[in-house]
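Quick notes on the structure that follows.
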Amino acid sequence: MEALSVCVVGAGMAGLSALKNSLQSNLNATCFEQSTHLGGTWFYQEEQDAAFGENVHSSMYRDLRTNLPKEIMGYLDFTYSKQSKESFISSDEVLKFLNSYADHFHLREHIKFQHKVLVSHNISRRCKQHLFDRVFVCNGHYTKPQYPKTVGMSCYKGIQMHSHLYRTQDKFKGEKVLIIGAGPSGIDLTNHISKVANCVYLSHHLSKKPNTDFMRNVIQKPNVKQFIETGAIFEDNSTEEFDIVVYCTGYQYSFPFLSSECGIFVHNNHVQPLYKHCINVNYPTMAIIGLPYAVIPSQVFDLQVRFSLKFFKNELKLPSREDMLTELKKDNEDRKKDGLRERDAHKMGAKQFCYYKDLSKTANLIGVKPVIEKIMQDCGQKYIYELQTYREYYFQVLDDENFIKLPLK
(Lines give C-alpha, C1' and ligand atoms only; values in the text may rest on other atoms or scores of the structure.)
Protein backbone atom coordinates (compact mmCIF):
# COMPACT_ATOMS: atom_id res chain seq x y z
CA MET A 1 0.00 0.00 0.00
CA GLU A 2 1.29 3.45 -0.93
CA ALA A 3 2.23 5.66 2.02
CA LEU A 4 -0.14 8.42 2.99
CA SER A 5 0.87 11.85 1.71
CA VAL A 6 1.13 14.71 4.21
CA CYS A 7 1.24 18.45 3.60
CA VAL A 8 2.91 20.61 6.25
CA VAL A 9 2.27 24.35 6.00
CA GLY A 10 5.17 26.31 7.46
CA ALA A 11 8.73 25.45 8.48
CA GLY A 12 8.83 27.07 11.89
CA MET A 13 9.12 25.33 15.23
CA ALA A 14 5.77 23.54 14.82
CA GLY A 15 6.15 22.73 11.14
CA LEU A 16 9.57 21.16 11.60
CA SER A 17 8.14 18.87 14.27
CA ALA A 18 5.23 17.93 12.01
CA LEU A 19 7.57 17.18 9.12
CA LYS A 20 10.05 15.17 11.20
CA ASN A 21 7.41 13.08 12.97
CA SER A 22 5.52 12.43 9.73
CA LEU A 23 8.68 11.21 8.01
CA GLN A 24 9.57 9.01 10.97
CA SER A 25 6.06 7.54 10.69
CA ASN A 26 6.93 6.50 7.12
CA LEU A 27 4.54 9.02 5.58
CA ASN A 28 5.27 10.87 2.36
CA ALA A 29 5.59 14.40 3.79
CA THR A 30 6.21 17.71 2.04
CA CYS A 31 6.57 21.06 3.80
CA PHE A 32 5.73 24.36 2.08
CA GLU A 33 7.48 27.46 3.44
CA GLN A 34 6.74 30.91 2.00
CA SER A 35 10.13 32.41 2.91
CA THR A 36 13.69 31.51 1.92
CA HIS A 37 14.55 30.05 5.32
CA LEU A 38 13.22 27.91 8.13
CA GLY A 39 12.60 29.01 11.71
CA GLY A 40 9.39 31.01 11.38
CA THR A 41 9.16 33.83 13.88
CA TRP A 42 12.65 33.09 15.21
CA PHE A 43 14.24 34.46 12.03
CA TYR A 44 15.24 38.09 12.58
CA GLN A 45 14.58 40.56 9.76
CA GLU A 46 16.24 43.97 9.80
CA GLU A 47 13.85 46.89 9.62
CA GLN A 48 14.87 47.82 6.09
CA ASP A 49 14.42 44.22 4.94
CA ALA A 50 11.02 44.03 6.53
CA ALA A 51 10.02 47.39 5.02
CA PHE A 52 8.30 47.86 8.37
CA GLY A 53 4.99 46.75 6.93
CA GLU A 54 2.49 44.43 8.55
CA ASN A 55 2.98 41.80 5.85
CA VAL A 56 6.19 40.88 7.70
CA HIS A 57 6.00 37.32 8.99
CA SER A 58 8.49 37.41 11.85
CA SER A 59 8.00 39.39 15.04
CA MET A 60 11.59 38.92 16.16
CA TYR A 61 13.53 41.93 17.43
CA ARG A 62 17.19 42.56 18.09
CA ASP A 63 18.62 41.65 21.49
CA LEU A 64 15.70 39.38 22.44
CA ARG A 65 16.49 36.77 25.05
CA THR A 66 14.08 33.95 25.73
CA ASN A 67 11.73 34.19 28.70
CA LEU A 68 11.84 30.41 29.09
CA PRO A 69 15.05 28.45 29.73
CA LYS A 70 16.50 26.38 26.91
CA GLU A 71 16.22 23.28 29.11
CA ILE A 72 12.49 23.17 28.37
CA MET A 73 12.58 24.60 24.83
CA GLY A 74 13.79 21.48 23.03
CA TYR A 75 11.79 18.61 21.59
CA LEU A 76 11.09 15.25 23.21
CA ASP A 77 13.97 13.55 21.38
CA PHE A 78 16.21 16.54 20.57
CA THR A 79 17.40 18.95 23.23
CA TYR A 80 19.68 21.97 23.37
CA SER A 81 23.42 21.56 23.72
CA LYS A 82 24.77 21.79 27.26
CA GLN A 83 27.94 23.58 26.12
CA SER A 84 26.57 26.96 27.19
CA LYS A 85 25.71 27.34 30.85
CA GLU A 86 23.20 30.14 30.27
CA SER A 87 19.58 29.03 30.23
CA PHE A 88 17.99 32.18 28.78
CA ILE A 89 19.41 32.49 25.32
CA SER A 90 19.30 34.77 22.28
CA SER A 91 16.98 34.34 19.31
CA ASP A 92 20.06 33.52 17.20
CA GLU A 93 20.74 30.51 19.41
CA VAL A 94 17.14 29.33 19.05
CA LEU A 95 17.41 29.65 15.28
CA LYS A 96 20.68 27.69 15.30
CA PHE A 97 18.94 24.97 17.31
CA LEU A 98 16.09 24.74 14.78
CA ASN A 99 18.56 24.54 11.91
CA SER A 100 20.50 21.79 13.70
CA TYR A 101 17.22 19.92 14.27
CA ALA A 102 16.43 20.15 10.55
CA ASP A 103 19.92 18.97 9.61
CA HIS A 104 20.00 16.13 12.14
CA PHE A 105 16.77 14.66 10.79
CA HIS A 106 17.50 15.55 7.12
CA LEU A 107 14.41 17.70 6.75
CA ARG A 108 15.58 20.32 4.24
CA GLU A 109 15.20 18.01 1.24
CA HIS A 110 11.49 17.79 2.09
CA ILE A 111 10.91 21.57 2.37
CA LYS A 112 9.82 23.64 -0.62
CA PHE A 113 11.01 27.16 0.21
CA GLN A 114 9.39 30.24 -1.34
CA HIS A 115 6.14 28.38 -1.81
CA LYS A 116 2.81 29.65 -0.58
CA VAL A 117 -0.11 27.37 0.17
CA LEU A 118 -2.79 26.36 -1.01
CA VAL A 119 -2.57 26.43 -4.12
CA SER A 120 1.20 26.76 -3.76
CA HIS A 121 3.24 28.83 -6.16
CA ASN A 122 7.00 29.00 -6.44
CA ILE A 123 9.19 32.07 -6.75
CA SER A 124 8.60 32.27 -10.50
CA ARG A 125 4.86 32.56 -9.80
CA ARG A 126 4.10 29.30 -11.59
CA CYS A 127 1.14 27.67 -9.89
CA LYS A 128 0.70 23.97 -9.29
CA GLN A 129 -2.03 22.01 -7.57
CA HIS A 130 -1.05 19.37 -4.99
CA LEU A 131 -3.31 16.73 -3.49
CA PHE A 132 -2.59 15.30 -0.03
CA ASP A 133 -4.20 12.75 2.24
CA ARG A 134 -3.44 14.67 5.44
CA VAL A 135 -2.63 18.30 6.30
CA PHE A 136 -0.75 19.90 9.20
CA VAL A 137 -1.36 23.65 9.40
CA CYS A 138 1.66 25.17 11.16
CA ASN A 139 1.66 28.77 9.97
CA GLY A 140 2.21 30.32 13.41
CA HIS A 141 0.15 32.96 15.15
CA TYR A 142 2.52 35.92 15.49
CA THR A 143 1.77 37.47 12.11
CA LYS A 144 -1.53 39.36 12.20
CA PRO A 145 -1.50 42.04 14.94
CA GLN A 146 -4.44 42.50 17.28
CA TYR A 147 -5.30 46.12 18.10
CA PRO A 148 -7.61 47.40 20.84
CA LYS A 149 -10.75 49.32 19.90
CA THR A 150 -10.06 52.42 21.94
CA VAL A 151 -11.96 55.66 21.43
CA GLY A 152 -9.92 58.32 19.64
CA MET A 153 -7.21 56.16 18.07
CA SER A 154 -7.72 57.90 14.73
CA CYS A 155 -7.48 61.32 16.41
CA TYR A 156 -4.01 60.75 17.87
CA LYS A 157 -1.38 62.62 15.81
CA GLY A 158 1.73 60.72 16.95
CA ILE A 159 3.19 57.45 15.72
CA GLN A 160 1.24 54.24 16.36
CA MET A 161 2.78 50.79 15.86
CA HIS A 162 2.33 47.22 16.98
CA SER A 163 5.07 45.28 18.76
CA HIS A 164 5.07 43.01 15.69
CA LEU A 165 6.99 45.75 13.90
CA TYR A 166 9.46 46.57 16.68
CA ARG A 167 13.06 45.77 15.75
CA THR A 168 15.41 48.03 17.73
CA GLN A 169 15.24 50.74 20.38
CA ASP A 170 16.99 53.28 18.14
CA LYS A 171 13.93 55.21 16.92
CA PHE A 172 12.73 55.77 20.51
CA LYS A 173 15.75 57.76 21.67
CA GLY A 174 14.67 60.84 23.61
CA GLU A 175 10.96 60.19 22.96
CA LYS A 176 7.99 59.86 25.28
CA VAL A 177 6.47 56.43 24.66
CA LEU A 178 3.21 54.74 25.65
CA ILE A 179 3.34 50.94 25.74
CA ILE A 180 -0.04 49.21 25.96
CA GLY A 181 -0.04 45.70 27.40
CA ALA A 182 2.03 43.97 30.09
CA GLY A 183 2.44 40.50 28.67
CA PRO A 184 5.88 39.07 27.79
CA SER A 185 6.52 41.46 24.89
CA GLY A 186 5.07 44.49 26.68
CA ILE A 187 7.32 44.05 29.70
CA ASP A 188 10.39 43.23 27.61
CA LEU A 189 9.94 46.19 25.25
CA THR A 190 9.37 48.49 28.21
CA ASN A 191 12.74 47.39 29.54
CA HIS A 192 14.46 47.82 26.17
CA ILE A 193 12.90 51.16 25.22
CA SER A 194 13.24 52.75 28.67
CA LYS A 195 17.03 52.63 28.29
CA VAL A 196 16.95 55.27 25.54
CA ALA A 197 13.57 56.99 25.82
CA ASN A 198 12.86 60.16 27.76
CA CYS A 199 9.87 58.54 29.47
CA VAL A 200 7.84 55.32 29.11
CA TYR A 201 4.24 54.95 30.24
CA LEU A 202 3.22 51.30 30.69
CA SER A 203 -0.56 50.91 30.44
CA HIS A 204 -2.09 47.65 31.67
CA HIS A 205 -4.91 46.12 33.72
CA LEU A 206 -2.95 43.63 35.83
CA SER A 207 -4.21 43.49 39.42
CA LYS A 208 -0.63 42.98 40.65
CA LYS A 209 1.73 45.59 39.27
CA PRO A 210 4.87 44.39 37.44
CA ASN A 211 8.18 45.30 39.00
CA THR A 212 9.55 48.25 37.04
CA ASP A 213 11.38 49.91 39.94
CA PHE A 214 14.72 49.23 38.29
CA MET A 215 13.64 51.16 35.19
CA ARG A 216 14.35 54.80 36.08
CA ASN A 217 11.82 56.43 33.76
CA VAL A 218 8.84 54.05 33.64
CA ILE A 219 5.44 55.14 34.95
CA GLN A 220 2.68 52.58 35.20
CA LYS A 221 -0.82 53.60 34.14
CA PRO A 222 -4.24 51.92 33.98
CA ASN A 223 -6.03 51.21 30.69
CA VAL A 224 -6.43 53.98 28.16
CA LYS A 225 -9.95 55.37 28.21
CA GLN A 226 -9.57 57.68 25.24
CA PHE A 227 -6.89 58.99 22.91
CA ILE A 228 -6.54 62.70 22.22
CA GLU A 229 -4.40 64.44 19.60
CA THR A 230 -1.25 64.58 21.72
CA GLY A 231 -1.74 61.69 24.14
CA ALA A 232 -4.42 59.86 26.12
CA ILE A 233 -6.84 60.01 29.01
CA PHE A 234 -6.57 56.95 31.26
CA GLU A 235 -9.23 55.18 33.31
CA ASP A 236 -8.13 57.02 36.45
CA ASN A 237 -8.88 60.27 34.52
CA SER A 238 -5.21 61.23 34.41
CA THR A 239 -3.85 62.61 31.12
CA GLU A 240 -0.41 62.12 29.60
CA GLU A 241 1.23 63.29 26.38
CA PHE A 242 3.59 61.12 24.34
CA ASP A 243 5.17 60.79 20.90
CA ILE A 244 4.78 57.08 20.10
CA VAL A 245 2.31 54.34 20.99
CA VAL A 246 3.43 50.70 20.92
CA TYR A 247 0.57 48.20 21.06
CA CYS A 248 1.69 44.98 22.78
CA THR A 249 -1.82 43.62 22.49
CA GLY A 250 -1.34 40.21 20.97
CA TYR A 251 -2.25 38.64 17.66
CA GLN A 252 -5.19 37.30 15.69
CA TYR A 253 -5.26 33.74 14.44
CA SER A 254 -5.27 33.87 10.67
CA PHE A 255 -5.44 31.22 7.94
CA PRO A 256 -5.73 33.14 4.66
CA PHE A 257 -4.96 30.02 2.61
CA LEU A 258 -7.87 27.96 4.00
CA SER A 259 -11.15 28.18 2.12
CA SER A 260 -14.49 28.04 3.92
CA GLU A 261 -14.84 24.51 2.53
CA CYS A 262 -12.26 23.37 5.09
CA GLY A 263 -14.88 23.81 7.80
CA ILE A 264 -12.71 26.01 10.05
CA PHE A 265 -13.74 29.48 11.19
CA VAL A 266 -12.39 32.02 13.65
CA HIS A 267 -14.78 33.94 15.89
CA ASN A 268 -13.40 36.40 18.43
CA ASN A 269 -10.01 34.71 18.08
CA HIS A 270 -11.46 31.29 18.84
CA VAL A 271 -10.50 28.80 16.11
CA GLN A 272 -13.22 26.18 15.77
CA PRO A 273 -14.40 23.49 15.65
CA LEU A 274 -11.33 21.62 16.87
CA TYR A 275 -10.95 18.41 18.85
CA LYS A 276 -8.55 19.04 21.72
CA HIS A 277 -7.39 22.32 20.17
CA CYS A 278 -5.86 20.70 17.10
CA ILE A 279 -7.88 18.24 14.96
CA ASN A 280 -10.47 19.68 12.55
CA VAL A 281 -13.80 18.20 13.67
CA ASN A 282 -15.41 18.71 10.27
CA TYR A 283 -12.48 17.28 8.30
CA PRO A 284 -10.31 15.25 10.71
CA THR A 285 -7.62 14.69 8.07
CA MET A 286 -6.47 18.22 8.96
CA ALA A 287 -4.80 19.36 12.17
CA ILE A 288 -3.86 22.90 13.21
CA ILE A 289 -0.73 22.85 15.35
CA GLY A 290 0.32 25.50 17.84
CA LEU A 291 -2.85 27.37 18.78
CA PRO A 292 -2.53 27.00 22.58
CA TYR A 293 -0.59 29.80 24.26
CA ALA A 294 0.79 30.34 27.74
CA VAL A 295 2.43 26.94 27.23
CA ILE A 296 5.85 25.42 26.60
CA PRO A 297 5.79 25.94 22.81
CA SER A 298 8.07 23.22 21.42
CA GLN A 299 6.72 20.65 23.86
CA VAL A 300 3.07 21.29 23.02
CA PHE A 301 3.79 21.43 19.26
CA ASP A 302 5.54 18.07 19.35
CA LEU A 303 2.84 16.51 21.50
CA GLN A 304 0.00 17.80 19.30
CA VAL A 305 1.75 16.47 16.20
CA ARG A 306 2.28 13.00 17.67
CA PHE A 307 -1.31 13.02 18.97
CA SER A 308 -2.71 13.89 15.54
CA LEU A 309 -0.57 11.29 13.77
CA LYS A 310 -2.15 8.51 15.83
CA PHE A 311 -5.47 9.36 14.15
CA PHE A 312 -4.00 10.33 10.77
CA LYS A 313 -2.47 6.85 10.52
CA ASN A 314 -5.71 5.21 11.71
CA GLU A 315 -3.94 3.67 14.69
CA LEU A 316 -6.68 5.13 16.87
CA LYS A 317 -10.28 5.97 16.07
CA LEU A 318 -11.63 9.42 16.78
CA PRO A 319 -14.82 9.88 18.79
CA SER A 320 -17.94 10.64 16.80
CA ARG A 321 -18.39 14.19 15.50
CA GLU A 322 -21.18 14.69 18.03
CA ASP A 323 -18.97 13.58 20.93
CA MET A 324 -16.10 15.82 19.80
CA LEU A 325 -18.43 18.83 19.61
CA THR A 326 -19.84 17.96 23.05
CA GLU A 327 -16.33 17.93 24.50
CA LEU A 328 -15.55 21.27 22.82
CA LYS A 329 -18.73 22.78 24.28
CA LYS A 330 -17.82 21.57 27.77
CA ASP A 331 -14.30 23.01 27.48
CA ASN A 332 -15.78 26.38 26.48
CA GLU A 333 -18.23 26.29 29.39
CA ASP A 334 -15.49 25.40 31.88
CA ARG A 335 -13.37 28.28 30.66
CA LYS A 336 -16.27 30.67 31.00
CA LYS A 337 -16.80 29.52 34.60
CA ASP A 338 -13.11 30.24 35.24
CA GLY A 339 -13.64 33.83 34.09
CA LEU A 340 -11.99 33.49 30.69
CA ARG A 341 -13.32 35.32 27.65
CA GLU A 342 -14.06 33.65 24.31
CA ARG A 343 -10.89 35.22 22.88
CA ASP A 344 -8.97 33.26 25.54
CA ALA A 345 -10.30 29.95 24.23
CA HIS A 346 -6.79 28.66 23.48
CA LYS A 347 -5.09 30.07 26.57
CA MET A 348 -3.67 27.37 28.81
CA GLY A 349 -1.53 28.79 31.62
CA ALA A 350 -2.14 26.64 34.69
CA LYS A 351 -4.33 24.34 32.55
CA GLN A 352 -1.42 23.38 30.32
CA PHE A 353 -0.21 20.47 32.44
CA CYS A 354 -3.66 18.87 32.42
CA TYR A 355 -3.77 19.43 28.66
CA TYR A 356 -0.43 17.67 28.13
CA LYS A 357 -1.61 14.72 30.21
CA ASP A 358 -4.94 14.59 28.37
CA LEU A 359 -3.27 14.36 24.95
CA SER A 360 -0.80 11.75 26.19
CA LYS A 361 -3.44 9.59 27.86
CA THR A 362 -5.93 9.81 24.98
CA ALA A 363 -3.39 8.73 22.35
CA ASN A 364 -1.15 6.49 24.50
CA LEU A 365 1.87 8.75 24.03
CA ILE A 366 5.04 9.48 25.93
CA GLY A 367 4.17 12.80 27.51
CA VAL A 368 6.05 15.84 28.71
CA LYS A 369 8.68 14.81 31.24
CA PRO A 370 7.88 15.76 34.85
CA VAL A 371 11.12 17.71 35.12
CA ILE A 372 10.02 19.93 32.21
CA GLU A 373 6.76 20.73 33.98
CA LYS A 374 8.60 21.46 37.23
CA ILE A 375 10.98 23.92 35.56
CA MET A 376 8.04 25.62 33.83
CA GLN A 377 6.26 26.01 37.16
CA ASP A 378 9.41 27.54 38.64
CA CYS A 379 9.56 30.08 35.78
CA GLY A 380 5.89 31.06 35.86
CA GLN A 381 5.38 34.81 35.19
CA LYS A 382 8.84 35.75 36.42
CA TYR A 383 9.28 37.68 33.18
CA ILE A 384 6.69 40.09 34.64
CA TYR A 385 7.47 40.21 38.33
CA GLU A 386 11.20 39.37 38.49
CA LEU A 387 12.43 40.72 35.14
CA GLN A 388 15.57 42.27 36.61
CA THR A 389 16.88 39.07 38.20
CA TYR A 390 15.26 35.88 36.87
CA ARG A 391 17.71 35.43 33.99
CA GLU A 392 20.65 35.51 36.43
CA TYR A 393 20.11 31.79 37.12
CA TYR A 394 20.61 28.67 35.05
CA PHE A 395 19.05 25.22 35.20
CA GLN A 396 20.59 21.76 35.12
CA VAL A 397 18.37 18.78 34.40
CA LEU A 398 19.46 15.84 36.55
CA ASP A 399 16.99 13.24 35.31
CA ASP A 400 13.38 12.97 34.09
CA GLU A 401 12.11 14.14 37.49
CA ASN A 402 14.66 16.51 39.00
CA PHE A 403 16.63 19.69 38.28
CA ILE A 404 18.80 22.17 40.10
CA LYS A 405 18.81 25.95 39.74
CA LEU A 406 22.04 27.85 40.28
CA PRO A 407 23.19 31.49 40.06
CA LEU A 408 25.25 32.33 36.97
CA LYS A 409 27.79 34.26 39.06
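The helix-based estimate of mean residue ellipticity at 222 nm for the chain, built from -39,500 (n - 2.57) per DSSP H run of four or more residues and divided by its residue count, is -7500 deg cm²/dmol to the nearest 500. Ligands, DNA and RNA left out, the accessible area of segment 290-409 computed with a 1.4 Å probe is 51% carbon and sulfur.
Counting heavy atoms of the protein chains alone, His37 has an accessible area of about 50 Å² for a 1.4 Å probe. Taking all Cα pairs closer than 8 Å and separated by 6 or more residues, the relative contact order of segment 159-247 comes to 35 percent. Highest-first packing order for the peptide set 368-374, 292-298 is 292-298, 368-374, based on the mean count of other beta carbon atoms within 10 Å.
For segment 159-247, the ratio of Cα radius of gyration to the globular rule of thumb 2.2 N^0.38 Å stands at 0.98.
Based on protein heavy atoms only, the chain ends up with 49 Å² per residue of surface accessible to a 1.4 Å probe.
Once both labels are positioned 7 Å from their Cα atoms along Cα-to-Cβ, the gap between Lys405 and Cys127 label points is 5.4 nm. Normalised by the number of residues in the chain, the mean separation of alpha-carbon contacts (under 8 Å, six or more apart) gives a relative contact order of 17 percent.
Is the shape of segment 285-409 rounded, prolate or oblate, going by the alpha carbon gyration tensor and its root eigenvalues a ≥ b ≥ c, with a/c under 1.5 for rounded and a/b larger than b/c for prolate? Oblate shape, in that a/c is at least 1.5 and b/c is the bigger or equal ratio. Pairs to check: Lys82/Lys409; Lys96/Lys313; Lys209/Lys347. Give those whose C-alpha atoms are more than 26 Å from each other in this structure. Result: Lys96/Lys313 exceed 26 Å. Shape class for segment 199-252, computed from the alpha carbon gyration tensor (a ≥ b ≥ c): rounded, with a/c under 1.5. Among the listed pairs Lys149/Lys171; Lys70/Lys116; Lys112/Lys144, a Cα-Cα separation exceeding 29 Å is found for Lys70/Lys116.
Whole-Hz Karplus values for segment 79-84 come out as 10, 6, 4, 9, 4, 8 Hz, taken residue by residue from phi with 6.51 cos²θ - 1.76 cosθ + 1.60 and θ = phi - 60°; glycine and proline positions read x.
The values are calculated or read from the model by the stated rules, or taken from the named source; none is laboratory data. Remember, it's a predicted structure, so these values are computed and weren't measured experimentally. Don't worry about glycine lacking a Cβ; one is built from the backbone with ideal geometry, like all the others, and counts go over all protein chains shown. Protein only, heavy atoms only, side chains kept; ligands, DNA and RNA dropped before computing areas. Shrake-Rupley method; radii C 1.70, N 1.55, O 1.52, S 1.80 Å.
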